[in-house]
1. Identify all residues within the stretch 6-57 that are open to solvent by 70 Å² or more (accessible area, probe 1.4 Å), part of a helix (DSSP H, G or I) and touching a residue at least 12 places away in the same chain (Cβ under 8 Å); write none if there are none.
2. Looking only at the stretch 61-110, which residues are assigned to a helix (DSSP H, G or I) and basic (Lys, Arg)?
3. Looking only at the stretch 139-150, how many residues end up being within 16 Å of ALA96 (Cβ to Cβ) and open to solvent by 30 Å² or more (accessible area, probe 1.4 Å)?
4. Can you name the residue in the stretch 81-105 that is under 13 Å from PRO14 (Cβ atoms) and of a type in the set (A, V, I, L, M) and is also surrounded by the most Cβ atoms within 10 Å (Cβ to Cβ) among such residues?
Amino acid sequence: MAEHRHHTRVRLRPPRNSVDPRARRWWTVQSLVTVSGPLLLTALTLGVLSLLFFPGALPWLGPLLLVVLVLPALAYTLAMPAWRYRVHAWELGDTAVYAASGWFWQKRRIAPLSRVQTVDTARGPIQQYFGLATVTVTTASTAGDVKIAGLSDADARLLAERISAAARAVPGDAA
């Protein structure tokens, strides 16, 4: 008689804590600096150059620039920060730190506190302007760090202290 096994799919719930609402503005400015701004600047430059040197190209180049550069840049700047804000979250439990990040490609990481090696806080120039920071938890794992971006400076400091204290309180793995 064949043995039947029932495999239940376990769904991981989202972490409980959202990042700071100012993170949406940070990600908006970041998109303008890194992706949308260069696309819009390229479209403007090509449009002006066409107007000055090849005015006959504007009837077909204008719509092409709009579809290929302008609309994607605007869509990215409008959609990405809100979408990313819905995804980014974190939680510190008794035995692990849990973070969700990304927007299009989403990632969830759970790191046991017994494996924590370092806890760092970083603030880039745009983050500093908005009063935000990123906490990075480095573990003894090849899967990479756990990053919690978009926290207020105060929350980042407190979280880094709490993770450090919790990691010290948890006995290490006897590997």
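1. Answer for the stretch 6-57, where residues must be open to solvent by 70 Å² or more (accessible area, probe 1.4 Å), part of a helix (DSSP H, G or I) and touching a residue at least 12 places away in the same chain (Cβ under 8 Å): ARG24, ARG25, LEU32, VAL33, LEU46.
2. Quick first cut of the stretch 61-110, residues assigned to a helix (DSSP H, G or I) only: 61-87.
Within the stretch 61-110, ARG84, ARG86 meet the criteria.
3. As a first pass, look at the stretch 139-150 and keep what is within 16 Å of ALA96 (Cβ to Cβ): 139-141, 143-148.
Narrowing the set further to residues that are open to solvent by 30 Å² or more (accessible area, probe 1.4 Å) leaves 140-141, 143, 145, 147.
Matching residues across the stretch 139-150 total 5.
4. Looking only at the stretch 81-105, we keep the residues that are under 13 Å from PRO14 (Cβ atoms), and these are 85-91, 98-102.
Among the residues that remain, those that are also of a type in the set (A, V, I, L, M) are: 87, 89, 99-100.
Details: VAL87: 16, ALA89: 19, ALA99: 24, ALA100: 20.
Taking the candidates together, the pick is ALA99.
The values are calculated or read from the model by the stated rules, or taken from the named source; none is laboratory data. Being a predicted model, the structure only gives us computed values, none of them experimental. All Cβ positions, even for glycine, are placed from backbone atoms using ideal geometry, and neighbour counts span all protein chains on display. Keep in mind that these areas ignore ligands, DNA and RNA; they rest on the heavy atoms of the full protein, side chains included. Shrake-Rupley method; radii C 1.70, N 1.55, O 1.52, S 1.80 Å.
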